[in-house]
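Notes follow the structure.
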Amino acid sequence: MKPLNEKLLVKDATINKVQFDKEWFYKLDDMAFYLKEDLSEVEFIFLPMQIDGEQEFVKCSSFEDIMRGRKEIE
């Protein structure tokens, strides 16, 4: 599994993210692509996010939820 560092994720421009209630939430599809892992077991919520200048509601997860639900694709 690829090691994760939340400070680096916040700075990474390839991952869409939004800060909600003082916590960062990451777009689940972007994280799955970044990690090359199956994140289907990760808990998520729908949050509004600006993507290419348009507001969309997307599946987002906190860093802790992603760490709990990670599993490698075989």
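The values are calculated or read from the model by the stated rules, or taken from the named source; none is laboratory data. Quick caveat, the model's predicted, so the values are computed rather than measured. Cβ coordinates were reconstructed from backbone atoms using ideal geometry, including for glycine residues, and neighbour counts include every protein chain displayed. Only protein heavy atoms, including side chains, enter the accessible area calculation; ligands, DNA and RNA are left aside. Shrake-Rupley method; radii C 1.70, N 1.55, O 1.52, S 1.80 Å.
Picking from residues in the range 1-44 that are assigned to a loop (DSSP other than H, G, I, E, B) and of a type in the set (Asp, Glu), the one that is nearest to GLU64 (Cα to Cα) is GLU43.
Residues that are of a type outside the set (Lys, Arg) and either surrounded by 14 or more Cβ atoms within 10 Å (Cβ to Cβ) or part of a loop (DSSP other than H, G, I, E, B) (or both) within the range 46-59 comprise LEU47, MET49, ASP52, GLY53, VAL58, listed in sequence order. Within the range 24-47, being farther than 11 Å from LYS59 by Cβ and modelled with pLDDT under 95 holds for PHE33, TYR34, LEU35, LYS36, GLU37, ASP38, GLU41. In the set (1) among the aliphatic types (A, V, I, L, M); (2) in contact with a Leu (Cβ under 9 Å, 6 or more places away or on another chain); (3) assigned to a helix (DSSP H, G or I); (4) open to solvent by 100 Å² or more (accessible area, probe 1.4 Å), MET67 fails one condition alone, (4). Of all residues in the range 8-36, those being among the small types (Gly, Ala, Ser) and surrounded by 10 or more Cβ atoms within 10 Å (Cβ to Cβ) number 1.
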